[in-house]
Amino acid sequence: MLSPDRSRFVMMDGSDNNGYRLIVVDIESRGVIQSINVSPLIAYFHGPAVWSPDGAYIAFSMKEDFRERATIYLLDVASGELTQVTSNREVDAVYPQWLPP
């Protein structure tokens, strides 16, 4: 997913056995800016990651266990801090979206 200023994009990666991560790439240099491990457990992503309108945060949905419900997380791009936003055990929380500013 392309950042609002079109200078970066984020992709989700689960290609190795070390869990899942978000990778932020600089468009111009094609270099990895950040690689953030979001789960050391067997997990999978639900839908695309989405940038906040100001480009400061990335929201995404993930399951940490196939028996669990999907949960929405928020990543602070500057600090790499990950915050769990939802914890509903009755329904999946998937496809997060931002409201326009």
With the chain as the region, which strands (runs of 3 or more DSSP E) entirely inside it contain at least 3 residues that are surrounded by 13 or more Cβ atoms within 10 Å (Cβ to Cβ) and either at pLDDT 90 or above or not polar (S, T, N, Q) (or both)?
8-13, 20-26, 32-39, 57-63, 71-76
Could you give me the residue pairs with C-beta distances under 6 Å whose first residue belongs to region 1-15 and is closer than 14 Å to GLY47 by Cα and without any contact (Cβ under 8 Å) to a residue 60 or more places away in the chain, whose second residue is basic (Lys, Arg) and in a strand (DSSP E or B) wherever it lies, and which are 6+ apart or on separate chains?
ASP13/ARG21
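The values are calculated or read from the model by the stated rules, or taken from the named source; none is laboratory data. None of these values were measured; they are calculated from a predicted model. Note that we place each Cβ from the backbone using ideal geometry, even for glycine, and neighbour counts take in every protein chain shown.
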